[in-house]
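Below is one structure, written out as C-alpha cells; comments come after it.
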Amino acid sequence: MEERIYHILQIFQENIGITATFEPNTKRKDVSGYIEITNDDERQRMPAVFKKDVKYLHLVQFLELKEEIGDFIIVAEVIYPATREQLRALKLNYLDLAGNSYLRKEDWFFFLEGYKNKVPTPPQKAPGFTKTGLMLIFHFLNDETYLNATYRQMAKDYGIALGNITKIITALKRPVSLKKQKV
C-alpha cells in the first residue's frame, strides 16, 4: 500500500510541481497515514485514506469520516470519472494514479482533471508455472521416472489437454532467468 501511495504522490508532484510527502499511520485503522503538501513556504498536512479503486458506494463512508476527522485526502489507483465528479460536489479531496487531483483546504485549491487511467495488464505466466504446470512439476520431483512417460500418459493421468502438456514441457526446457528482489 505504501509503495502505491508514494507512486501516486510522485505523479502528483510531476504534474503540479509541488512537494508532497507521506507518513504512514499505525494508530487509526480508518486512516492510512498523513500527507504533507508543501508549496513555497506554506504547508498543509492532512490524513490520507488509500483505496485501490473508489466507487460510488464508498461516498457514504467518506462523508462519515469527514465529519469525524475533518478534511482528508482519498488516495486511489483508480477513481472513475462519475465518482470524481461526486467527490468534488461533496468537497472531498482526492489523488489518483492517472494524475487527476482535487485538493481544497482553507485558501489552497489544486484541480487537475482529464488524465486517463491506464489499465494495468497482468503479467503473463510461463505455461510451466500455472496451476496445472506446477502439478506436473510436483510429480516430476516426486518420481523422476515419470519424466520418461509419454505426453499422452501424462495428459491421461492428470486430465490435462495434450496440447497443454507440450506447452508445459517446452516452457520447462527453456533456460530460466531469475530476477533479484529485495525481501
Open item on the list: Of everything in region 7-32, what is small (Gly, Ala, Ser) and within 20 Å of the chain's Cα centre (by Cα)? Give them in sequence order.
Closed with: 20, 32
Task: Which numbered condition residue 12 misses (of (1) under 17 Å from residue 92 (Cβ atoms); (2) surrounded by fewer than 19 Cβ atoms within 10 Å (Cβ to Cβ); (3) modelled with pLDDT under 85) - done: (2)
Open item on the list: Residue under question is residue 172, and the condition is that it be at pLDDT below 85, of a type in the set (A, V, I, L, M) and within 37 Å of the chain's Cα centre (by Cα); does it hold?
Closed with: yes
TODO: Quick one: count up the residues across region 66-108 that are touching a strand residue (DSSP E or B) at 6+ places or on another chain (Cβ under 7 Å) and either on the phi > 0 side of the Ramachandran plot or not basic (Lys, Arg) (or both).
DONE: 25
TODO: Considering only residues that are assigned to a helix (DSSP H, G or I) and hydrophobic (A, V, I, L, M, F, W, C), look in region 36-75 and name the one that is farthest from the chain's Cα centre (by Cα).
DONE: 69
- [ ] Would you check which residues across region 17-27 are surrounded by 13 or more Cβ atoms within 10 Å (Cβ to Cβ) and either over 20 Å from residue 97 (Cβ atoms) or out of contact with any Asp or Glu (no Cβ under 9 Å at 6 or more places or on another chain) (or both) and list them?
- [x] 25
Open item on the list: Need the failing condition index for residue 18 against (1) over 20 Å from residue 1 (Cβ atoms); (2) of a type in the set (A, V, I, L, M); (3) at pLDDT 90 or above, just the number.
Closed with: (3)
Task: Pick from region 76-85, criterion assigned to a helix (DSSP H, G or I) and in contact (Cβ under 8 Å) with a residue 12 or more places away in the chain, ranking: farthest from the chain's Cα centre (by Cα) - done: 82
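The values are calculated or read from the model by the stated rules, or taken from the named source; none is laboratory data. Please read these numbers as outputs of a predicted model, since none were measured by experiment. All Cβ positions, glycine included, derive from the backbone under ideal geometry; neighbour counts span all protein chains shown.
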